[in-house]
Each structure stands twice: as structure tokens, then as C-alpha cells.
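Worksheet: one structure, shown below.
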Amino acid sequence: MPYQLNVNGKALSADVDPDTPLLWTLRDSLGILGPKYGCGIGQCGACTVHIDGQPVRSCQVPASAVGAGKITTIEGIGADPVGKKVQAAWSELDVAQCGYCQPGQIMSAAALLKSKAKPTDADIDAAMSGNICRCATYTRIRAAIKLASGQQVKA
Amino acid sequence: MTLQLTGASRRDILKASVVGGGLILAFRIAPKAEAAETAGAQALNAYVRVSPNGIVTIMGKNPEIGQGIKTSLPMMIAEELDVAWENVRIEQADNDPKLYGRQFAGGSMATPLHWDELRRVGAVARAMLVQAAAVAWNCNAADCKTSGGQVIHVATGRKQSYGVLAGQCAGIPVPDPKSLPLKDPKDYKIIGKFTPQYDTAKIVSGQPLFGIDVQRPGMLYATYQKAPVFGAKVAKADLDAAKGVKGVRKAFVVDADSANVMPGGGNIGSGLVPGVAVVADTWWAARKGRDKLNVQWAEHPTAKQSSAGFAVKAKELAAGPPQRTARNDGDVAGALKGAAKTVEAAYFYPFLAHSPLEPQNCTAEFKDGKLEIWAPTQNPEPGRQLCAKTLGIKPEDITVHMTRCGGGFGRRLGNDYMVEAAWIARETGAPVKLLWTREDDLQHGFYRPAGFHFFKGGVDAAGKLVAWQDHFVSFGEGQSYASSAGMAATEFPSRFVPNYRQDVSVMSLGMPTGPMRAPGSNALAFVHQSFIDEMAHAAGADPLAFQIKLLGDKPVVGEPPSAYNAGRMVGVLKAVGEMSGWGKTKLPKGEGMGVACYFSHMGYFAEVAHVAVAASGDVKVKKVWVAADVGRQIVNPSGAINQVQGSVIEGLSHALHQQITLANGQVEQSNFHEYPLLRMSEAPPVQVQFLKTDYPPTGLGEPALPPAIPALCNAIFAASGKRIRSLPIDTSQLKT
């Protein structure tokens, strides 16, 4: 059945079964390919999007449960000043290796910085440990979060 | 393999032709041995395209799997071409062996294979542009220099851009690349500079780059269910139930040959495996259809195999005479008898799955007898050949486009998902994107083989390692090892210990195995460097000093291709000792440092780990230091450091968490909750130093990984007095 979704500030209609996860609604029905499939069970974080500013694993949210929630994906996060800073830090430090997990990492990092402007290492551990980076670029992810939040980046 | 530009092949295809306003300089680089008789048969090419506006497009020839090759190989060309990096555009080449030679991501080979050739490709293009200017200005090429994409007449300061000159290159003869001088490294403007990956902007904004992002008009989505027991055939499947799911278009059995699993025999040629395909309007619908299949699988002999069974069998084999002896230097039995101290230890490492974060996928379109493929693959040409063989069509009727890969680690050297997509697309008659589930990926891999080592070692009264014996129990058939399950007779410390014996026994394995990042080395470093650490402690010696002493005074031991440069290894060991404050840092109780070194993929690496072991047994890795020697030049320091840090943390992840087990012929783990990977909260800082030595530059995709594991385990021993002889580390054994 058709669901009206608000994605990156646009009203979009997706005709999917109620149990279809938001991830697959975005990818296969709406052609929004930034959120990635990694595990399908909420373990890896590659599919992370924001709903009303909160990071969620879009593989775990059925399309029918989103309602009027405002969805932001990696494609739209640059419109947010914090999101833009995070993307800039990621670019400057050349965080990515394969880059597949990075949309999810950036969405988790942006949510962290929106809730806490100067996160500590422990804050970063807590907010980012739901996102797997198989290439293990964790050193640079941490540094980029520090850079985006205007904190000193250790070499 | 030595590669060179050859005169004969240049005559064949070296063309400077003006195409679409841009100049394409095509070079054929043929293997030396074949050049004379079959000019250009095995081609390796590079392309430079100069637009009238001065923008230079460089083809990235190899698959990009996160190692940064799409950026670093064009950096080599751009440096000698002498263009500003911001004016360089990079395009991913399709699979085209006639134009590009071998295109693969494996063995950390791209840098050593291309370092000389691709710089010369840039130099040739530059020389032609200079010659075009010399013709236009009626002067000698020697009167001109270049800078930032312009040719400059030195005496007059007259300038012209490459963009204009490219249009005047049609009649310019192509110089012999070997005749051209290359830049002095002190003049490098691109090579050696921190250069973010070319696709960074697209990555951070979520643009479609990966195989999973490919879309075609009218495309359908597929899932493919294979037997939990490797190679078992479909006995029964409820295809109608699957077809009853809304959105499902097709469901069919693929009656492939069970032997295509190639039990234990390697992944490169593995073909189509039996299973059931479900094709639908969306992938979610295909999955729901698959859930209704209720597949019954035929019996298969691999169902009798299990990890527990292998462990029992390995012990039995180790207790008896070995199936063969791979090396026997001196008199090990005598040396053990005469040793001041001996140690016996049994080591084990498990099967591992590659688990790249992008699950296997491929998009295929079969139309009018021709097949077009978009694939995240590390090895496109064997994939094309495999599809041709399996579908019974000509390789030249198949086009393979390479997408960015969401990780590779060796898994995408095999193209099983490519041939599945091709088969399903032909059966479907529409473009199809096949996507595996994470469960498919973990349960249908080409696994890093498990292995067992039964060691005996002896040190003399002076603390010298005088005896080393290993009964290696691995997988294979007869004299041959399963893919990546082997060990060279030159494995360190053979050749460095006077009495050395390497015995081998193998067990049959029905599970496919294959190369995983630093294949062989990722396991062998753990056992060898841990047991050397045991011997150091037996000798009452400092482990780092013991390693240096073991390496001896002879700079190079053995002959290529198995020469071991002990001098380079001593260099990195000393460096890592200084970096880490080895022996000078007073650590609190429960903390320790461990050292390990390893040579693989032409790189010399020494690493120190600093860990804290809590009373609960929990292990916290506080820091890792890496000293590396990969020759005289780091091409892209950004990618280089990232590769090393990632490799080290991946090694820690293997050691602390990862294990694939087999029960009743099936992999027991299904997803990341059962096959955990190391996460942010466990990732230590990793400090990296590259020693510049006077050797040609070599690759960094792999060699930093192997020593990380024994450095960690040796640090745990230093911290807790408990020796890790089995992976993954069982922290409950460390409880105090």
C-alpha cells in the first residue's frame, strides 16, 4: 500500500507492503541508495538514517512505522550545518577505505554532534560502536569527529 | 614478472589519435618473454586523455576495493606527466585485458607491478606534448620544460597548455619509454603527498558507487539460496509458494554440478553451485518468496565434517608419523636432546570468513546472446571467463564493468556471485540484480583455512634457538594443500635455526577455502611469532633482543623469490623498539607489551602492542606501534597509513573475536551477532612509521596485518603470564 514519506525535506510516496523495511523502501522503491545493506539485523549500522533527528537502523524500521517522521539520509545530511561539518571532516582526513559503511558512520557521527557538541572519547565509543567498519578506519573516524567538533586531533 | 614496453608491440598499437577533441595515448606493455613472438598478447595498458581545456583524464585500471588504487596508480602517471592534481579526473576502466593487461586486486601487487611502468606512461605522454610544442615553436624539445600542465620554452618563457598541444600530437612519434628520464623524487609534487581518495566527495555524500547501487531500466531483483552443506543439490523446493508472494516473478531450481564448489580447492575457478533462485520486483519481495521455498536438500558427504572432528583428527595425526616432511635441516632430535631448555606447544587458528561489508552482489543483463555485467569484483577477467564457460557463450560477447567494491579482502577474487547473476539473468530474460544476504555471505565463503601446529623448540645454554620442529596439520589432498592452507619450506625461522624440521599432514575438507588478506601469513605469523616469543622467555631473554639475535648478522638469507632480508627486519625491529619505548616503559601490574615481526608481500613489518588484562580477563589494547619497510617511496601517505592502521585493527579483530566453525558440514555462524567484528570502543590508536630504504616501493594492502596478532598475544603473556595458543582469544582463561 502507498505510504507518504518525508525524505530529506521532500514528500515521497512509496507503494510497499507494510512490513517492508525502510531501508528497502528507500533503496528499491525510491532510488535513494546512500543507506547501505550490511546485515539486515541492526548489527552493522550501514543503513543508519535519522528519523526526526534520531539515528535509527533503517533495516529494522518497517515503512509502515515511520508515519509523519522526518527522514534524513546521507544524501540530505549536508543540508544540516552539523552534517556538513562532519562530511567536510571526513573528506579532509580521507577517512574512508572502501567507503561502504561511511554513510552510516557519518549519520551516527552527525547525530552524536547534534546532541553533544564536544564529545569525549567515551561519548564517541558509545555513539559509534553500533557501526561496523570492516576496513577498520576507526582511528580516522574518531579523529574526524574530533575535527568536526573543533577539538584537538591527536596525530 | 618483468614488464617492459616493447618496440614490436608499440608498432602494433601505439597510436596517437585525436578522438573527440582529446588525445588518447595508448601503450601496450607486454611481458618481456613473450614480446618477440607474440607482440602484445598479454597486454597491460594505460590511458591518458587530455581535454582542450587542460583537464587530464586518467584511467584507473584496477578494481577499487578500498585500498585506494583508483587514486594511487593515476598519481604515478600524473606525476611524470607533470600536471596539477586538481586538473586530473579519474575514470574507472572496464575489464579489458587487451587494453589494460591484468586487472586485479590481490597480493599487494599493484604498486610493485606498476611503479615503473605507469610513471613511464606519464613520461611518454609528457615527452610527446613537449615535442608538439617544439614543432610548433621550431625549437628543440631540450629547450623546453614543463610545469603544471604547460610546456614552457625556457629561454623566452613562452607557454602553451597541454590542452592545446594535445590536439597537435597526431604526427608526433612515440619515444621509447625506457629512454626517458624520470623525475628526481625531490621534485615530486603528487607522489608522496597526502592525497584523499578521488571518490571521497561521492563517498561522504552517499552517491551510488558500489555494485549494490547499480540500476538498469526494467531491472528485477534476485536472491539465490544454496545448501547449508556445501555443494548439496536441491531435492525439493516449493516454487509455487514462492511465486505466490506478491511481487515475485520467477522461482527456479539451478541444477548445477556439486563439484563446482571445489571442496578445499580454491576459489578462483569455483563455478555455479546448486540452488534455488527467486526473482522479484524488489529484493524484499524476493526474500519473502525465498522464505516460502522450504527447500529440501539432497544428502552430501561433507555433512560428516565438523570443526570438532578436525580437532580430534589433528591430534591423532600429530601423535603419529607425519604424512611427509617438507624440510629437515641438521638434527632436530639430537638438538632437542642436547638443549638447555625445551618447550612443547600446540597451536590452533580457526576458519575465518572475509565478510566484506557489502554483501556479494552483481547485476547482469543478457540480450541477443550478449552478456553485460556490473560487478564489485577483485578479479574481473577470470569472472568473464567463468561466465563464458558456464553459459556456453564466447568471452568476447561478455562485457564486465567494474564497480567500487564495499571491501574485498580476497573474497571477491572468486566470482561465484557473478556467474550466479549471469545465469539468473539469462533465465529471467530481464536485467537482474542478484544480492546475497549477510547469512549467504557468511555461510558460502571461501574461508581462511583453520590450522594446527605442534611445536617443539630448544635453546642452548647461551640462550640461542638451536632446535625447531613443527608438525603442521592442515587441509588438502595427498601432497597438495587446500587453497591458502599451505606453508612454505622457507617459512621463518627456517634457515635461521640450524636444526629445523617441518612435518606436514593434511585432512580432507569439503568446505571451500581461499586467500584472505595476507593469506597464509595471517595465520602463520601468529603461531611462529608466538612460539619464538615462548622460546625467548625460555631463554630468559628480552623478546625483542632475542628476535634481533635470531635474525643474525647475514643481511640476506636465501635466494629470490624466497630471499629474506634480515637486515631490513632488524631495521624495523629496532625502530619499533624506539617508537614504543620498549624496555624503558615501566608498566603497572596487569599491563604488558609484546613484539612481533613478519615479512610478507615484500614488506618488512615489526609491531609492538601494549595491552591491559583486567582481573575479569578482559583485554584492552591500549596502543599499537608499527615500523614498516616497504622501500624508498610511499606513493600516497594517506592511503598508506590508513591501510596499515586498518590491517592492524583487523588483525586484532581476528585475534579477539572471529571464528567460523563447521558442524554437520554447515557453517554455524549466520550474521554479525555470531561473527562479531571489532568495534570503535575496542580500537586502539595505531602509530605508524615508514622507514625509507633503498629498495623499490612495494604494496601495503596486506603485510601490516600478520604481526599484529602475535604482538597482541605476546603482550597478553607479558601482562598476565598466560600464553595464547588458540584463537580467538578465550578471555575467560585470563581471569585472575
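Listing for the model above:
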{"item": "Surrounding net charge for B:Val572, when Lys and Arg each add one and Asp and Glu each subtract one, Cβ distance under 10 Å", "result": "0"}
{"item": "Using θ = phi - 60° and Karplus 6.51 cos²θ - 1.76 cosθ + 1.60, couplings along region A:85-95 (whole Hz; Gly, Pro as x)", "result": "4, 4, 4, 5, 5, 4, 5, 4, 8, 6, 4"}
{"item": "Expected 222 nm ellipticity per residue - DSSP helices of 4 or more, -39500 (n - 2.57), all of chain B, to 500", "result": "-8500 deg cm²/dmol"}
{"item": "Entries in B:Lys226/B:Lys304; A:Lys70/A:Lys146; A:Lys146/B:Lys186; B:Lys98/B:Lys193 that, when Cα-Cα distance is taken, lie over 24 Å", "result": "A:Lys70/A:Lys146; A:Lys146/B:Lys186; B:Lys98/B:Lys193"}
{"item": "Given charges at Cβ of Lys, Arg, Asp, Glu: the protein assembly as shown dipole, positive-most of B:Leu73, B:Ser108, B:Pro63", "result": "B:Leu73"}
{"item": "Pairwise centroid distance, computed over Cα atoms, of region B:448-515 with region B:562-624, Å", "result": "23"}
{"item": "Cα gyration tensor, region B:485-631 - rounded (a/c under 1.5), prolate or oblate", "result": "oblate"}
{"item": "Along chain B, longest interval not containing exposed GluC sites (Glu not before Pro), exposed being DSSP loop plus at most 12 other Cβ atoms within 10 Å", "result": "B:300-736"}
{"item": "Antiparallel bridges, percent of DSSP beta bridges restricted to chain B (to nearest 5)", "result": "75"}
{"item": "Kirkwood-Stokes translational diffusion coefficient of region A:77-148, alpha-carbon pairs, 37 °C, 0.692 mPa s, µm²/s", "result": "279"}
{"item": "Calculated from backbone phi, Karplus (6.51, -1.76, 1.60) coupling profile of region B:248-253 in Hz, x at Gly/Pro", "result": "7, 9, 8, 8, 8, 8"}
{"item": "C-alpha center-to-center spacing [region B:123-155, region B:207-227] in angstrom", "result": "48"}
{"item": "q = 0.14, 0.16 Å⁻¹, chain A: log10 I(q)/I(0) [Debye, one scatterer per Cα]", "result": "-0.63, -0.81"}
{"item": "Neighbourhood charge, 13 Å Cβ-Cβ cut-off, centred on B:Lys233 and excluding it, Lys, Arg +1 and Asp, Glu -1", "result": "-1"}
{"item": "Share of alpha-carbon pairs per 10 Å distance bin for region B:555-736, given as whole %", "result": "10, 35, 32, 18, 5, 0"}
{"item": "Most fluctuating residue given options A:Gly40, A:Gly99, A:Gly67, as computed from a GNM of chain A linking Cα atoms under 10 Å", "result": "A:Gly67"}
{"item": "B:Lys243, B:Lys589 arranged by Cβ crowding within 10 Å, fewest neighbours leading", "result": "B:Lys589, B:Lys243"}
{"item": "Whole-Å semi-axes of the ellipsoid equivalent to region B:245-360 (Cα gyration tensor, √5λ, descending)", "result": "49, 16, 14"}
{"item": "Unit charges on C-beta of K, R, D, E only; dipole of the protein assembly as shown, Debye", "result": "1200"}
{"item": "Local net charge near A:Asn8, Cβ-Cβ under 15 Å (Lys/Arg +1, Asp/Glu -1)", "result": "+1"}
{"item": "Three semi-axes of the equivalent ellipsoid, the protein assembly as shown, Cα gyration tensor, whole Å, largest first", "result": "41, 37, 29"}
{"item": "Selection from B:Ser681, B:Gly581, B:Gly603 lying farthest towards where the dipole of region B:555-736 points positive, charges on Cβ", "result": "B:Gly581"}
{"item": "Candidate lysines - alpha carbon under 19 Å from B:Lys554, same-chain residues fewer than 8 apart omitted", "result": "B:Lys464, B:Lys574"}
{"item": "For chain B: Kirkwood Rh in Å [reciprocal of mean 1/r, alpha carbons]", "result": "27.7"}
{"item": "Rounded tilt (10° steps) of A:138-148 against the dominant C-alpha axis of chain A", "result": "90"}
{"item": "Per residue convex hull volume, Cα atoms of region B:58-198, in Å³", "result": "124"}
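Read the figures in this text as sums done on the coordinates, not as results from a lab. Note that the structure is a prediction, hence the values are computed from the model and not measured. We place every Cβ from the backbone using ideal geometry, glycine too, and count neighbours over all the protein chains shown.
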